[in-house]
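Below is one structure, written out as structure tokens, with a few remarks after it.
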Amino acid sequence: GRCATRGGRAHRLAGVRRGGHRGDRRGLVARAAAGEPVALRALYDAHRPDVYRVARSFAGLGSDDVEDVVQESFVRAFRHLGKLQQHARFLPWLLTIARNRALSRLARRQAHDFMQGLQRGQRHRRVG
């Protein structure tokens, strides 16, 4: 692999950080798709901040919801990783999953709040 020098010491580039090479990242996605735990962890560690930023950008989500969206996004992505045909498109695909998970969570909350409002309205009508 390639080596970079930092502080006088050579470090092997893992290819998962932003400065890594695209080919290395594609190889990492392929290894993760094959179920390699180290590759799955490396993808999670490399892309969690990006997924967190997407989830956090939804104003209606609290911090617990954001963490749930992050976890749900990775679970869903890793479960369906074998269907991703262009490994170089992993990050945009993952961020789309995160966006959709956040939208689904918001929609569920709105539906729940709406139903609770209806139930409160029915209770008030019965009492009054």
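Of the helices (runs of 4 or more DSSP H) that lie entirely inside segment 1-89, those containing 1 or more residues that are at pLDDT 90 or above, within 23 Å of Arg99 (Cβ to Cβ) and charged (D, E, K, R) span 37-56, 63-79. For segment 64-80, the set of residues classified as free of Cβ contacts under 8 Å to residues at least 40 places away in the same chain and of a type in the set (D, E, K, R) consists of Asp64, Glu67, Asp68, Glu72, Arg76, Arg79, listed by residue number. With the condition kept exactly as written, say whether any residue in segment 106-128 is open to solvent by 80 Å² or more (accessible area, probe 1.4 Å), polar (S, T, N, Q) and either at pLDDT below 75 or under 19 Å from Ala55 (Cα atoms) (or both). There is at least one residue in segment 106-128 that is open to solvent by 80 Å² or more (accessible area, probe 1.4 Å), polar (S, T, N, Q) and either at pLDDT below 75 or under 19 Å from Ala55 (Cα atoms) (or both).
Filtering segment 84-103 to residues that are open to solvent by 50 Å² or more (accessible area, probe 1.4 Å), within 14 Å of Tyr52 (Cα to Cα) and of a type in the set (D, E, K, R) leaves only Arg99. Scanning segment 35-52 for residues that are closer than 22 Å to Gln110 by Cα and either small (Gly, Ala, Ser) or loosely packed, with under 15 Cβ neighbours inside 10 Å (or both) yields a count of 0. Residues in segment 42-58 that are closer than 13 Å to Leu91 by Cα and aromatic (Phe, Trp, Tyr): 2 in all.
The values are calculated or read from the model by the stated rules, or taken from the named source; none is laboratory data. Here the structure is a predicted model, which means the values were calculated and not measured. All Cβ positions, glycine included, derive from the backbone under ideal geometry; neighbour counts span all protein chains shown. When the accessible area is computed, the model is the full protein with side chains, heavy atoms only, and any ligands, DNA or RNA have been set aside. Shrake-Rupley method; radii C 1.70, N 1.55, O 1.52, S 1.80 Å.
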